[in-house]
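Following: one structure in structure tokens, then a few remarks.
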Amino acid sequence: MKPTDVSNPDHFHRVVDCQWACPAHTDVPEYIRLIAQGRFTEAYLLNRESNVFPGILGRVCDRPCEPACRRGRVDEKPVAICRLKRVAADLKGEIAPHLPPVPTRKNGKRIACVGAGCASLTVANDLLPLGYEVTIFEKQQEPGGLMRTNIPAFRLPTEVLSEEIHLITDRGVELLLDTPVESMKALLERGFDAVFVGSGAPRGKNLDVPGRYDDPAHVHIGIDWLESVAFGHITAIGRKVLIIGAGNTAMDCCRTSLRLGATDVKVMARKPLTLLKASDWEMEEALEESIAIIPCHAPRDFVLAGNRIQGMNFDVLDYHEHDGTLESSRLGSVFFPADDIILAIGQENAFPWVERDIGIDFDQRDVPRVDRRTMQSTRPGVFFGGDAAFGPENIIWAVEHGHQAALSIHRYCQGEEIGLRPPVSLHLASTKMGIHEWSYSNRYDASARRKVPHVGLTERFKNIRIEVERGFAPEQTQVEVERCLNCDIQTVFFAPKCIECDACIDVCPTACLTLAVNGEEEDLRGRLKAPANNRKQPLFVSEPLTQTGRVMVKDEDQCVHCGLCAERCPTAAWDMQKSIVKIPYAFDVPGR
Amino acid sequence: MSFMKKPKVSHSGLPRNELGLSIRDYEGSMSTLCAGCGHDSVTAALIQAIWELNIQPHRIVKMSGIGCSSKTPAYFVEAAHGINAVHGRMPSIATGANAANRSLHYIGISGDGDSLSIGLGQFVHALRRNINMLYLIENNGVYGLTKGQFSASADQGSTAKKGEVNRQPPIDPVTLALALGGSFIARGFSGDKDQLVPLIKAGLMHNGFALLDVLSPCVTFNDHEGSTKSYAHTRHFDLPAAQADFIPRKIPIQAVTAGGEAIPVALHDGSTVILKKVAKDYNPMNREEAYQYIQKHRDGGEIVTGLLYINEDQAEFHALNDTVSGALRDLPYPELCPGAAVLEEIQQLYR
């Protein structure tokens, strides 16, 4: 194999699995370290730089970081990254004074954002310090978009949501509530320098089977129903409720039903349990509240007596693999009684207000054509982000879209080529403090993942606004922060210094290192000290060494970054260096 | 040295041996040797070999004298038996222990000071008695614990860290053992585990005294230019003569010897050592030729390594002395201690 090019920022960046997996590339190990030091405000600010809404995301993020976490590969469970983010948000001090100042003299450019959700708010957050005037159009009476309408208050308290939105809107955004945009054409004619569409995916998918429209008062579309609950328009539901679909919206619907008077709630899923869309932890929380998740049941028709819903018939399915694809066969059908039925089978974006003759192209699925990198549509100066761009993703992706769109808008307004984007850079600095001292906590802590405490099972149903998760207690935080393996403290190798004494190899607790005669990757992987079966983790291969011409190979997969290789190296060929990945934002490239 | 103990976490895919143990189960306590010391690599090779041989930790006896080398037994197989003897006196204690219980695996770890200076008399007699043990010398040419003076194995012309030249000729434990009639004589290098691990395995399974001289550089006092025991010098002048592959008894030998010039040597427990000649003109079954070859190449500055001589037919200590077949602790008490009447009979024989 060729020597690994460590000058490419991606090499060390992808070692930090959590940061690499995060769409917004939040510097997780560093903020966990700040929490460990009790510097909650700094931890919050570091989070905010990339993900803008740490308090919200610390509760309801999709957490792509956690399945990626290295700890999950060497230990049973990953670090509770999301829970720790919430600790920083809950204990932070005053934030507003630390934010980059918004100039009183504006730069003369006006930006329109459609929808006051996480994507638009991120655009505003990034552009305000540069002197842009940002106008946000919102159809609801309150800003927040899906975060307010679709996430129930028992998971995300309204105060937390409002606080983080105000951190942006209070800085001089023109926020027009109750102002739906009816025509893109009309909006474009108002002379904005750029338009950003962050209007989400507001249309819940329908299930058109017999009986669907015969009792409209008792058959609901999930996201619309949640929205009505959020704004207090719906305050009750029948005793027996069936939820059709098993994604995260279904989990919110079933738990909300329990708080509105339902006593028997069943989630009906078409797929087997292992293939359900909902996040594991959301399912766990539903199960904790005695909700039945019933897999392999496909809805067949609504059953009515007169014009009152009685329940639903389902086909019972059996799944089997055939030639690598999953096939189902029908075993029979079964009736489930219900007073109310909620459809939570997905959502899609809808743009009835965007005219089709103004240069904004849509594809066959009626989704706008948007460049994944610049977020620009086919009409220059019109950008999309969040669920509006590519269909339903999640909050953290929407935030990242917002950052990228803001960068594009800035370059566009300054008359620069938007495809030319400032590079990601990486900074490395040694953490060696003394002969046996490192400036990070390198001791491996064998503690198991802490379990976040929940409000009791009777207490929590008294009010829909009671937040179920309490957040970590201080002593739990203290243990959980030490579970982080400090992947951002990189093992950096200087081949010319190595005398091939094997000391690092002998001392490595997880057998990551091998001195080997070089070969092709397939061959090399088979000759390492421990099986290198995780192909997602690339091998590090050094330059040929001076004494034997062999190469130092590191399989990054299970390295716990304990620093023993550097500690044991007699010639300092290994060093533990802290990496900081610098992601460029709009305000990092000031315009003319 | 390091102040950090190796954490208990290990690779999730670490294989287990026939006893269900992973290689981590054969580790010892934290090494306090200098970072980069060859001895730590020898420790790692020992752990690897013992784990691969599926030896139960409590069937091992680790013995040593005094010196950097003699700290080694603390760093492998924590659950084994062990003793840290007086300087140079480990061989006699090993002899006694082996006489009392022949059913265990004995591993003596010594250094060039412990075996070639203060303990030379002990060393040669253990070899002469052909005690069934692995006798491993971690040889670095200096007294590391006392700040790097030349030891008895330092080569003529080799320089100390500050430039002083050694004028006295060295004692080479390999040629010494050849001359004294050793039954298993090998030399390895701490920086070459591919060679060292099979040598340790073969030595442990050899029926008799297995001398393994391991060049193990002193990274603090003897790893500079001008040293003939540095990592770089040893690598440059290493001349592997005969490679040893240890084959456990379960694997048919034919499968391994097919092709190439290989000599299978059957060990008493049913396993086999496959000798592969690396140097064409080398014969590890002939003491005189081996001696000549090593001496000739040493004069040329080369260090001959590998399994240099083996003779499985040489009688070991218990056979020579016609002792009981098992460990003394397994004898019924009346047999082990037959009483005053029998003692009287024996004493009569000498009157």
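The values are calculated or read from the model by the stated rules, or taken from the named source; none is laboratory data. Computed from a prediction, not measured in an experiment: that's the story for all the values here. Here the Cβ is made from the backbone with ideal geometry for all residues, glycine too, and neighbour counts use every protein chain on show.
Results, tabulated for the structure shown:
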quantity: Residue match in region B:45-57 (condition: more than 8 Å from chain A (Cβ to nearest Cβ), within 17 Å of B:His81 (Cβ to Cβ) and of a type in the set (Phe, Trp, Tyr)); calculated: no
quantity: Test: residue in region A:393-401 that is free of Cβ contacts under 8 Å to residues at least 12 places away in the same chain and more than 22 Å from A:Arg369 (Cβ to Cβ); calculated: no
quantity: Failed item, numbered, when A:Val265 is tested on (1) of a type in the set (Val, Ile, Thr); (2) over 23 Å from A:Gly456 (Cβ atoms); (3) assigned to a strand (DSSP E or B); calculated: (2)
quantity: Members of region A:253-283 that are at pLDDT below 95 and among the acidic types (Asp, Glu); calculated: A:Asp280, A:Glu282
quantity: Qualifying residue in region B:274-293 (condition: out of contact with any Leu (no Cβ under 8 Å at 6 or more places or on another chain), in a helix (DSSP H, G or I) and either surrounded by 17 or more Cβ atoms within 10 Å (Cβ to Cβ) or modelled with pLDDT under 90 (or both)); calculated: yes
quantity: Output for region A:414-438, where each listed residue is under 21 Å from B:Lys6 (Cβ atoms) and either surrounded by 12 or more Cβ atoms within 10 Å (Cβ to Cβ) or more than 14 Å from chain B (Cβ to nearest Cβ) (or both); calculated: A:Thr431, A:Lys432, A:His436, A:Trp438
quantity: Of residues in region B:172-223 being among the hydrophobic types (A, V, I, L, M, F, W, C) and within 14 Å of chain A (Cβ to nearest Cβ), the one nearest to B:Gln48 (Cα to Cα); calculated: B:Val197
quantity: So A:Tyr412, is it under 30 Å from A:Glu284 (Cβ atoms) and among the hydroxyl-bearing types (Ser, Thr, Tyr); calculated: no
quantity: Flag if A:Val15 is touching a residue at least 60 places away in the same chain (Cβ under 8 Å), closer than 30 Å to A:Glu520 by Cβ and touching a helix residue (DSSP H, G or I) at 6+ places or on another chain (Cβ under 7 Å); calculated: yes
quantity: Qualifying residue in region A:324-342 (condition: basic (Lys, Arg), in a strand (DSSP E or B) and either in contact (Cβ under 8 Å) with a residue 60 or more places away in the chain or at negative phi (or both)); calculated: yes
quantity: Sole residue being surrounded by fewer than 18 Cβ atoms within 10 Å (Cβ to Cβ) and at pLDDT 95 or above, chosen from A:Asp214, A:Asp170; calculated: A:Asp170
quantity: Considering residues of region B:6-17 that are at the interface with chain A (Cβ under 7 Å from one of its Cβ atoms) and touching a Pro at 6+ places or on another chain (Cβ under 9 Å) only, the residue surrounded by the most Cβ atoms within 10 Å (Cβ to Cβ); calculated: B:His11
quantity: Top-ranked residue of region B:23-43 - restricted to ones that are within 20 Å of A:Asp575 (Cα to Cα) and over 20 Å from the mean Cα position of the chain (by Cα), ranked as nearest to the other protein chains (Cβ to nearest Cβ); calculated: B:Gly36
quantity: Qualifying residue in region A:146-161 (condition: free of Cβ contacts under 8 Å to residues at least 12 places away in the same chain and within 24 Å of A:Gly55 (Cβ to Cβ)); calculated: yes
quantity: Some residue of region A:499-516 being among the hydrophobic types (A, V, I, L, M, F, W, C), surrounded by fewer than 23 Cβ atoms within 10 Å (Cβ to Cβ) and on the phi > 0 side of the Ramachandran plot; calculated: yes
quantity: Flag for A:Ala286 being out of contact with any Phe, Trp or Tyr (no Cβ under 8 Å at 6 or more places or on another chain), buried (at least 21 other Cβ atoms within 10 Å of the Cβ) and farther than 23 Å from A:Leu207 by Cα; calculated: yes
quantity: Members of region A:1-19 found to be farther than 17 Å from A:Met576 by Cα, part of a loop (DSSP other than H, G, I, E, B) and among the hydrophobic types (A, V, I, L, M, F, W, C), listed by number; calculated: A:Met1
quantity: Criterion (on the phi > 0 side of the Ramachandran plot, in contact with a Phe, Trp or Tyr (Cβ under 8 Å, 6 or more places away or on another chain) and basic (Lys, Arg)) met by exactly one of B:Lys147, B:Lys201, B:Lys161; calculated: B:Lys147
quantity: Verdict on A:Val479 being in contact with a Pro (Cβ under 7 Å, 6 or more places away or on another chain), among the β-branched types (Val, Ile, Thr) and more than 14 Å from every other protein chain (Cβ to nearest Cβ); calculated: no
quantity: Flag for A:Ala250 being outside any helix (DSSP H, G or I) and either at pLDDT below 95 or under 24 Å from A:Asp208 (Cα atoms) (or both); calculated: no
quantity: B:Gly20, sole failed condition from (1) at positive phi; (2) within 10 Å of chain A (Cβ to nearest Cβ); calculated: (2)
quantity: Count - residues of region A:482-523 that are more than 9 Å from chain B (Cβ to nearest Cβ) and of a type in the set (Ser, Thr, Tyr); calculated: 2
quantity: Wholly enclosed strands (runs of 3 or more DSSP E) of region A:121-211 bearing at least 1 residues under 21 Å from the mean Cα position of the chain (by Cα); calculated: A:194-197
quantity: Within region A:363-388, tally of residues that are modelled with pLDDT under 95 and among the hydrophobic types (A, V, I, L, M, F, W, C); calculated: 2
